[in-house]
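Asks: My questions will all concern the structure given below.
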Amino acid sequence: MAAIKYIFVAAYVAFILIVGLRTRKESAGGGKESFLLGGRSIGPVVTSFSFAATYISGVCMVNAGKVGWDWGIGAMWNAWGNVLLSIAFMWFFLGTRSRRISAKLNVQTMPDYLRARYKTEYFKLVGSLVLFFFMIPYTAAVFSSLSYMFTRVFNLPYIGAVIVMAVLATVNLVVGGYKAAAKIDVLQGGIMVVGGIILAVATLSAKEVGGLAEGLRRLREIEPFVNSAGVTATGRDIVNFGFNGNAGLLLGVIPFVIMTSWAPNGLPQMATKFFAIKDAKLVRTGAIVCTVLGFIIITGVHIPGLFIHLFYSELPAGGTNVLVPDMLTKIFGNDLIGQVCLSIIMLLVLSASMSHLASQVLSSAAAIGMDFLKGYFLKDLSEQKTTLLLRVCTVLFMLAALVLALLNLGVISSIQSLAWGAISGFFLAPYVFGTLGKTVTKAGAIAGSIVGLACALLIPTLVKAAFPALAPYCTTVNACAVATVLPLIVTPIVSAFTKKLDPAYLDTIFGAEEAA
C-alpha cells in the first residue's frame, strides 16, 4: 500500500518537469518580462489558481496544528481572515490598479514599481536588498514545513526531503520561468481544492471527532490545558468564537490573524501576480474565482487543527509542528482508500509549497538580479544576458535557502513571522496607499517603510532586551502585527505635512482608466 504514495508523487514530479520543458520552448527568446511575468499574457482563471496556490504553503498546514492547539475555533478566525483580509482585499481593491499601473510604468517587480510610483531610487535599492535577504529564511521555512510532512508520512530522512524539493523547484524555475509556474499552478490549485475537501471530510468523519456537532461537544468537555503561549484554557473556551471571555486567548489570536491575513498584502510575490495578468478588465473574474478557491482550500486545511485536542491530550515530543502530520497518519490508516487519500493530501502540501517556493524565488531573483545588480552595476547588460542573470540568481538564492533549511532550526513559525514582518512591514503601506490613490507623498511612503521594517526587527530583539517586563509580548508574531499596522498610521500622517508629488505625473498613472 505504501507504494501508492510514491506513485502519486512520481507522477506529479514528471508533470512538473514536462511542463517546464515545454514552456521553455514557448518562451525562448522572450527576455526578462517573459521569464518574470510570462509576457503579461496570463489569463484571469490561471492567475487566480496561481495566486491561491502561491498564497497557501505547507507552512499553513503545519501551522494549522498550532492554531488549533492554542485557540481551537480560532483556527476559523485565521482561515476566514486569510480569505477576506488578504485574498479578497487584494483582488477586489488592488488587483485592477496594480495591473494598469505596472504596465503604464513598465515595471516587473515590486521594488521597481514603488521606485517609479514615488520617483525615488530608495525603494528600488533598499527594497531589493530587504526582499532578497529576508526571503531566504522565509523560503527555508517553507522547505522545513514540507520536509516535516514528508518525514512523518513517507519516513524519508529530513535532509533528503529538503534537497529533493530544492532541486525540483530550481529546475522548474530555471527552465520555464513564471509561465511554467503559472501553468503548473492550475493543476496544483485543483489538487489543493480536492485535498482541502478530503481533509475536512476525513477529519469530521474520524472516530475521534464523530461529526461537526459531536466533535464540538467533545471539545467542550476536554480538561483544562496550557497552550504553547502559556495561557490556560478550557474546552468551553476553545469552542467559542469569543473564547468565552478568555482574554489571554483573544490577545494571542488577534496578532496571529493580522500576521497571516493582513501581512500578505505586502508580500511582493503576491502583488506581482497582478502584473502578469493579460488584461486589467479580467481581474474581477479572477477575483471571484480566487476567493472561492481560497475559501475551500484554507477552510479545509484548518479543519484538522480545530479538532486537534481530540487526538492529543498533550503535545508530542516534536511540539506543534508535528501535530497535523501525525494526525493525518492516524486518520487515514493503511488501507487502499486511506493511502490514496493520504497521497492526495501530500500532493496538496507539495503543490502548495512548490508554488509558494516558485513565487518567492522569482521575486528574490528579480530583486537581486534585475533591480540591484543590473539596476546599479550592470546597466548595459543585454536582454538575453539579463535573463541568464536571473536564472543564475534563482540558483544562488535556492542554495542559500537550502543551507538554512538543512540547519533544521525547528522554529518554522518564528522564522516565517520574522520574514513576513520585515518584508510586509517595508512594502505594505507604500504599496497599498500608492496603488489606491494619489495622496501619499514620497516622504510618507519612505517613513512608512522604515517604521515597518524597524518594528519587525527591533521589537523581538532590542526592545525585548531593553525592557524585560515587555519580553513576553515581544514575539515575532506581535512584531509582525505591529509592523504591518503602524505604518498605515504613520504614512498618511507624514504625507499630510510633506511635499506632494507632481500632479501631472500622478495623472499619467491614475488618469484615464483604460485597460493597459
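The numbers here are math on the coordinates, done by the rules we state, and not lab data. Predicted, not measured: the structure shown is a model, and the values here were computed from it. Virtual Cβ from ideal backbone geometry, glycine too; neighbours counted across all protein chains shown.
Asks: Could you give each residue of the range 196-204 its phi-based ³J(HN,Hα) in whole Hz, using Karplus coefficients 6.51, -1.76, 1.60 with θ = phi - 60°, and x for Gly or Pro?
Replies: Karplus-based 3J(HN,Hα) across the range 196-204 equals x, 5, 4, 4, 5, 5, 5, 5, 5 Hz.
Asks: Long-range amide H contacts for Thr441: which residues qualify at under 5 Å (H placed 1.01 Å from N, peptide plane, sequence gap of 5 or more or a different chain)?
Replies: Ser495
Asks: For the range 358-372, what does the Karplus curve 6.51 cos²θ - 1.76 cosθ + 1.60, with θ = phi - 60°, yield as ³J(HN,Hα) per residue in whole Hz, taken in order and with x for Gly and Pro?
Replies: Those phi angles translate into 4, 5, 4, 5, 4, 4, 6, 4, 5, 5, 7, x, 8, 6, 8 Hz.
Asks: How far apart, in nm, are the 7 Å Cα→Cβ label points at Leu336 and Phe467?
Replies: 6.3
Asks: Now for a different question. Using the Karplus curve 6.51 cos²θ - 1.76 cosθ + 1.60 with θ = phi - 60°, what ³J(HN,Hα) values do you get for each residue of the range 108-115, in whole Hz, with x for Gly and Pro?
Replies: Running phi through 6.51 cos²θ - 1.76 cosθ + 1.60 with θ = phi - 60° gives 10, 10, 5, x, 6, 4, 6, 4 Hz.
Asks: So, one more: Rank the residues Asp380, Asp371 as a footprinting-exposure proxy: fewest other Cβ atoms within 10 Å of their Cβ go first. Write out the running numbers ahead of the final one.
Replies: Details: Asp380 6, Asp371 25.
Final ranking by Cβ density, sparse to dense: Asp380, Asp371.
Asks: What is the gain in length, in nm to one decimal, between Thr232 and Glu214 on full extension, counting 0.36 nm per residue of separation less the C-alpha to C-alpha distance?
Replies: Numbers: separation 18, 0.36 × 18 = 6.48 nm, distance 2.36 nm.
Residue separation times 0.36 nm, minus the Cα-Cα distance, leaves 4.1 nm.
Asks: Additional query: Run the numbers for Asp279 and Ile159: contour at 0.36 nm per residue of separation, minus the present Cα-Cα distance, in nm. Display every interim value, and only then the final one.
Replies: Numbers: separation 120, 0.36 × 120 = 43.20 nm, distance 4.27 nm.
The Asp279-Ile159 span can extend by a further 38.9 nm.
Asks: Which net charge results for the neighbourhood of Asp112, defined as the other residues with beta-carbon distances under 9 angstrom from its beta-carbon, given Lys and Arg at +1 and Asp and Glu at -1? Please report the intermediate quantities before stating the final value.
Replies: Details: positive: Arg115, Lys124; negative: Asp371.
Net of charged neighbours comes to +1.
Asks: Could you give the nm distance between label points at Ala14 and Glu221, where each point is 7 Å from its Cα heading toward the beta carbon?
Replies: With each label point 7 Å from Cα toward Cβ, the separation is 5.0 nm.
Asks: Among Ile56, Ile331, Ile222, which comes first, then next, by fewest other beta-carbon atoms within 10 Å?
Replies: Working: Ile56 28, Ile331 21, Ile222 17.
Result, fewest neighbours first: Ile222, Ile331, Ile56.
Asks: Right, another one. Quick one: order Tyr138, Tyr118, Tyr312 by neighbouring beta-carbon count within 10 Å, fewest to most. Could you put the intermediate results ahead of the total?
Replies: Values: Tyr138 26, Tyr118 20, Tyr312 17.
Starting with the residue having the fewest Cβ neighbours, the order is Tyr312, Tyr118, Tyr138.
Asks: Further question: Near Glu221, within a Cβ-to-Cβ distance under 15 Å, what is the net charge of the other residues, with Lys and Arg +1 and Asp and Glu -1? Mind dumping the intermediate values first?
Replies: Working: positive: Arg217, Arg218, Arg220, Arg236; negative: Glu208, Glu214, Glu223, Asp237.
So the environment of Glu221 carries a net charge of 0.
Asks: Could you work out how much longer the chain between Lys207 and Thr329 gets when fully extended? Use 0.36 nm per residue separation minus the Cα distance between them, nm to one decimal.
Replies: 42.6 nm
Asks: When Lys and Arg each count +1 and Asp and Glu each count -1, what net charge do the other residues less than 15 Å away from Thr203, Cβ to Cβ, add up to?
Replies: Working: positive: Lys207, Arg218, Lys330; negative: Glu208, Glu214, Asp326.
Net charge in that neighbourhood comes out at 0.
Asks: Same structure again: Just in the range 367-459: which chymotrypsin sites (Phe, Trp or Tyr not before Pro) are loop by DSSP and have at most 13 other Cβ atoms within 10 Å?
Replies: Values: sites: Phe372, Tyr376, Phe377, Phe397, Trp420, Phe426, Phe427, Tyr431, Phe433; in loops: Phe377.
Within the range 367-459, the qualifying chymotrypsin sites (Phe, Trp or Tyr not before Pro) (loop, at most 13 other Cβ atoms within 10 Å) are Phe377.
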